[in-house]
1. Please enumerate the residues belonging to segment 153-185 that are more than 21 Å from the chain's Cα centre (by Cα) and closer than 21 Å to K84 by Cα.
2. Does L314 satisfy being open to solvent by less than 30 Å² (accessible area, probe 1.4 Å), assigned to a loop (DSSP other than H, G, I, E, B), at pLDDT below 90 and out of contact with any helix residue (DSSP H, G or I) (no Cβ under 6 Å at 6 or more places or on another chain)?
3. Please go through segment 209-237 and give me each residue that is open to solvent by less than 80 Å² (accessible area, probe 1.4 Å), farther than 15 Å from A378 by Cα and either touching a residue at least 24 places away in the same chain (Cβ under 8 Å) or of a type in the set (F, W, Y) (or both), ordered by number.
4. Among the residues of segment 349-368, what is the count of those that are open to solvent by 50 Å² or more (accessible area, probe 1.4 Å) and under 22 Å from the mean Cα position of the chain (by Cα)?
5. Among the listed residues V181, V144, which satisfies the condition of being in a strand (DSSP E or B) and in contact (Cβ under 8 Å) with a residue 40 or more places away in the chain?
6. Please count how many residues of segment 192-208 are open to solvent by 20 Å² or more (accessible area, probe 1.4 Å) and in a strand (DSSP E or B).
Amino acid sequence: MPAESTPGPGTPGESGTSRPRRRAKGSRSKPRGTRRKALLITAWTAAGIVVLGGTGVGILYFKLNDNLKTVDINQALGSDRPLKADNGSENILVLGSDTRSGGNEKLGGGVDDGSARSDTAMVVHIYQGHKKASVVSIPRDTLVRRPSCTDAKGVTHDAATGVMFNSAYSTGGATCAVKTVESLSGIRMDHYVEVDFSGFQKLIDDLGGVSVTTTKDIKDPDSHLNLTAGPHTLDGRQALGLVRTRHGVGDGSDLGRIQLQQAFIKALVDQVKHLGVLTSPAKLYQLADTATKTVTTDSDIGSVKDLASFADGLKGIGSSHMNMVTMPVQYDSADANRVLVDEAKAKMVWNALKDDRAVPRAATEGTATGTAKGVVNAS
């Protein structure tokens with residue numbers, strides 16, 4: 001699949017400057033409302049990145065803090081990892097979990113068997129200067145070597161060869177998923193963000209939906225989706241159906257689903273850029289409350305303060321500055337439902353990110369691809 005227009009080499013712009021706060025003479029800072037602080041949270045659920053705004057100080061701050069769930073990735077993985085980049089870039093592993101527990105059983109279909117898989121996985125590379133990003137989707141059906149890993153509870157899991165990529169999460173949770181991605185890419189993941197089905201649906205509903213235009217009808221009873229060709233404002237359930245559908249459009253492959261996911265992400269990022277015009281503290285708090293209940297992060301950004309600081313550095317990245325690619329793969333000749341890493345081309349992708357460079361077009365040319373490109377566009 002040819003890459004979309006790529007960002008320039010890793011010098012995506014100068015860092016922004018913060019505007020000084022202005023206060024009327026004689027006034028004092030109040031604990032709520034007038035000291036509103038933007039909270040920008042980046043996450044993706046069954047397929048992408050969600051950026052939200054919110055507020056909260058005092059008791060609201062602590063409530064949001066208590067909402068957050070964290071995993072100490074660094075403690076679990078120890079020192080046997082790729083070195084942290086020193087070029088000003090950052091790499092974030094974003095997973096959408098397809099656990100069937102709790103409120104997710106009805107949304108995800110299937111049964112609650114106590115397990116979960118990484119229904120969607122994306123490596124988000126933020127270039128030096130935090131003005132541009134590359135997003136690399138990892139197909140869940142990719143056959144990989146899963147390294148041995150120790151999960152967050154201290155249980156060690158043996159290495160396995162020729163297993164599906166999404167088995168890493170079901171085997172050992174976030175820490176095994178991170179270690180598998182680092183083994184595949186040779187790149188250290190600086191952060192980890194996970195969102196589940198029900199959280200994704202509520203986030204989209206709280207945002208008021210996401211506007212897209214479909215060029216074909218999409219109908220998939222398995223993902224509860226029925227869209228006619230044309231413009232739509234997708235509510236949470238429809239958005240979740242769109243990023244999960246495999247059989248509603250195209251060739252029914254996971255690669256086609258990734259194409260739909262990538263298009264939806266761009267539409268979503270475009271829309272949330274307008275959140276800055278919201279003036280209702282209550283509405284902003286609702287968004288922040290939902291977002292902090294929805295995401296699981298690594299412990300380094302596991303507080304509202306740290307998450308806000310991290311996300312504030314991403315707010316200048318619009319969809320036009322995001323290059324979306326899929327990790328280069330080829331169909332497995334022994335099983336059409338599985339794909340194999342195209343080692344030479346995948347190395348081109350990971351080396352580019354490691355060096356904070358744009359992903360070259362040649363890295364994705366001639367690789368396996370779905371047939372859903374162009375079906376969904378931002379409205």
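The values are calculated or read from the model by the stated rules, or taken from the named source; none is laboratory data. Keep in mind that this is a model prediction, so the values were computed, not measured. Reconstructed Cβ throughout: ideal geometry from the backbone, glycine too, with neighbour counts over all protein chains shown. Quick note on the areas: whole protein, heavy atoms, side chains included, nothing else; ligands and nucleic acids left out. Shrake-Rupley method; radii C 1.70, N 1.55, O 1.52, S 1.80 Å.
1. Within segment 153-185, none qualify.
2. On the way: open to solvent by less than 30 Å² (accessible area, probe 1.4 Å): yes; assigned to a loop (DSSP other than H, G, I, E, B): yes; at pLDDT below 90: yes; out of contact with any helix residue (DSSP H, G or I) (no Cβ under 6 Å at 6 or more places or on another chain): yes.
Criteria met by L314.
3. I218, D220, S223, G236
4. Pass one, segment 349-368, residues open to solvent by 50 Å² or more (accessible area, probe 1.4 Å): 351, 354-355, 357, 361, 365-366.
Going one step further and asking which of them are under 22 Å from the mean Cα position of the chain (by Cα), we end up with 351, 354-355, 357.
Of the residues in segment 349-368, 4 are open to solvent by 50 Å² or more (accessible area, probe 1.4 Å) and under 22 Å from the mean Cα position of the chain (by Cα).
5. Values: V181 fails: in a strand (DSSP E or B).
Being in a strand (DSSP E or B) and in contact (Cβ under 8 Å) with a residue 40 or more places away in the chain holds for just one of V181, V144, which is V144.
6. Narrowing segment 192-208 to residues open to solvent by 20 Å² or more (accessible area, probe 1.4 Å): 194, 196, 198, 201-202, 205, 207-208.
Still in the list and also in a strand (DSSP E or B): 194, 196.
Counting residues in segment 192-208 that are open to solvent by 20 Å² or more (accessible area, probe 1.4 Å) and in a strand (DSSP E or B) gives 2.
To keep it simple, each residue is scored yes or no on (1) in contact with a His (Cβ under 8 Å, 6 or more places away or on another chain); (2) over 24 Å from D141 (Cβ atoms); (3) modelled with pLDDT under 95.
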| residue | (1), (2), (3) |
| --- | --- |
| I265 | no, no, yes |
| V272 | no, yes, yes |
| L278 | no, yes, yes |
| V295 | no, yes, yes |
| I301 | yes, yes, yes |
| S319 | no, yes, yes |
| V341 | no, no, no |
| M348 | no, no, no |
| L353 | yes, no, no |
